[in-house]
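*Asks:* Let me give you the structure first, and then I'll get to my questions.
What follows is calculated from the coordinates using simple rules that are stated; it is not laboratory data. Source: prediction; values computed, not measured. Here the Cβ positions follow ideal geometry from the backbone for every residue, glycine too, while neighbour counts run over all protein chains shown.
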Amino acid sequence: MDITRACRDIDELHPLAKQACNLFLAECKKQGVNIFITETYRSQARQNYLYEQGRTRSGQVVTWTKSSNHTGRMAWDIAVSPPKALYDITTLNKAGAIAKELGITWGGGWKTPDRPHFEIKSSWKPKNDNKKGDDIVSKLTFPSQMPIQNNDTPSVWAKEAWEFAKKEGLLDGSRPKDAITREELAIVLMRMVNK
């Protein structure tokens with residue numbers, strides 16, 4: 001992977017982040033907030049490369065951290081579609097309000113704002129609309145091409161590591177796209193140590 005190029009593929013996000021991102025994009029479209037994805041997954045090498053910009057490499061500083069949720073496939077960045085400016089604040093604020101409705105963290109609300117940035121935690125679930133008591137998900141228009149998630153097959157980007165973990169007996173080979181609990185992680189670590 002070329003560390004100088006941004007990955008814009010939503011399929012590279014963690015399945016939960018992919019779901020959140022698709023919901024976010026659908027609701028933005030529904031509300032006439034015209035945006036597009038500028039980056040999803042970042043390798044740690046790319047994150048380090050971006051961090052060096054404006055510090056040890058020429059250019060404007062673009063990130064304040066070497067530790068980003070992009071590397072964990074839980075974050076995405078956006079920009080505003082023409083004819084508006086690429087980072088039109090009014091449009092980014094509208095996108096931020098939509099994210100908040102969906103329980104998605106918006107970087108625009110941080111002490112040092114990062115308005116184009118959105119992320120979720122592994123415990124993310126869409127928030128309910130308490131005014132009407134309806135789940136907000138039921139109000140969204142989904143893209144017709146949105147695939148049904150198959151939890152029995154590992155993602156392309158994880159297939160090699162998944163097969164290795166199965167072969168080594170670190171994992172039992174089931175539920176490749178489910179979140180792992182701390183208990184399950186402890187078992188994997190114990191198996192690694194006892195190999």
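*Asks:* Gain in length, Glu168 to Phe36, computed as 0.36 nm per residue apart minus the alpha-carbon separation, to one decimal in nm? If you can, show how the numbers build up before the last one.
*Replies:* Working: separation 132, 0.36 × 132 = 47.52 nm, distance 4.08 nm.
Full extension from Glu168 to Phe36 adds 43.4 nm.
*Asks:* Would you list, by chain and number, the lysines whose Cα falls below 25 Å from the Cα of Lys167, excluding same-chain residues fewer than 8 positions away?
*Replies:* Candidates past the 8-residue exclusion: Lys159, Lys177, Lys195.
*Asks:* Can you check what the Kirkwood hydrodynamic radius comes to for segment 1-63, Cα pairs only, in Å to one decimal?
*Replies:* Taking the inverse mean of 1/r over all distinct Cα pairs, segment 1-63 comes out at 13.3 Å.
*Asks:* Between Ser67, Ser123, Ser174, find the one with the highest GNM mean-square fluctuation for the chain; connect C-alpha pairs within less than 10 Å.
*Replies:* Its mean-square fluctuation being the largest, the pick is Ser123.
*Asks:* Go ahead and estimate [θ] at 222 nm for the chain from helices alone: -39,500 (n - 2.57) per DSSP H run with n ≥ 4, summed, over the residue count, rounded to 500. Let's see the in-between values first.
*Replies:* On the way: 5 runs with 59 residues, N = 195.
The helix-only estimate for the chain comes to -9500 deg cm²/dmol at 222 nm.
*Asks:* Moving on to the next point. Just tell me which aspartates and glutamates come within less than 14 Å, Cα to Cα, of Lys127; anything on the same chain fewer than 8 places away is out.
*Replies:* Correct list for Lys127: Glu27, Glu101, Asp135.
*Asks:* Using the Cα centre of the chain as origin and beta-carbon charges of +1 (Lys, Arg) and -1 (Asp, Glu), tell me which of Gly59, Ser155, Ala45 is placed farthest towards the positive end of the dipole.
*Replies:* Farthest along the dipole direction, towards plus: Gly59.
*Asks:* Scan around Ile35 for amide H atoms under 5 Å from its own, H built in the peptide plane at 1.01 Å from N, and keep only partners 5 or more places away or cross-chain.
*Replies:* Ser81
*Asks:* Please report the relative contact order for the chain, taking Cα pairs under 8 Å with a sequence separation of at least 6, and give it as a percent rounded to a whole number.
*Replies:* Across the chain, relative contact order equals 19 percent.
*Asks:* Treat the count of other C-beta atoms within 10 Å as a stand-in for reagent exposure and order Trp162, Trp110, Trp76 from fewest to most. Spell out each step's value before the answer.
*Replies:* Values: Trp162 17, Trp110 12, Trp76 29.
Ordered from fewest to most neighbouring Cβ atoms within 10 Å, Trp162, Trp110, Trp76 come out as Trp110, Trp162, Trp76.
*Asks:* Run the quick spin-label model on Arg55 and Ser67: label points 7 Å from Cα toward the beta carbon, then report their separation in nm to one decimal.
*Replies:* Distance between the two pseudo-spin positions: 1.3 nm.
*Asks:* With springs connecting C-alpha atoms under 10 Å apart, model the chain as a Gaussian network and identify which of Ile180, Ile89, Ile120 has the largest mean-square fluctuation.
*Replies:* Answer for the Gaussian network model of the chain: Ile180.
*Asks:* Using the number of other C-beta atoms within 10 angstrom as an exposure proxy, rank Arg46, Arg191, Arg5 with the fewest first.
*Replies:* In increasing order of surrounding Cβ atoms, one gets Arg5, Arg191, Arg46.
*Asks:* Once you sort the root eigenvalues of the Cα gyration tensor of segment 10-139 as a ≥ b ≥ c, which label holds: rounded (a/c under 1.5), prolate (a/b larger than b/c) or oblate (the other case)? Mind dumping the intermediate values first?
*Replies:* Working: a/c = 2.14, a/b = 1.55, b/c = 1.39.
Prolate, because a/c is 1.5 or more and a/b exceeds b/c.
*Asks:* While we're here: Points 7 angstrom from Cα along the Cβ direction at Ser81 and Thr4: gap in nanometres?
*Replies:* Each label point lies 7 Å from its Cα, and together they span 3.0 nm.
*Asks:* Only Lys, Arg, Asp and Glu count, each charged at its Cβ (+1, +1, -1, -1), so figure out the dipole size of segment 10-139 about its Cα centre, rounded to 20 debye.
*Replies:* 200
*Asks:* Using 0.36 nm times the number of residues separating Thr153 and Met192, minus their current alpha carbon distance, what extension gain do you get?
*Replies:* Result for the pair: 11.7 nm of gain on full extension.
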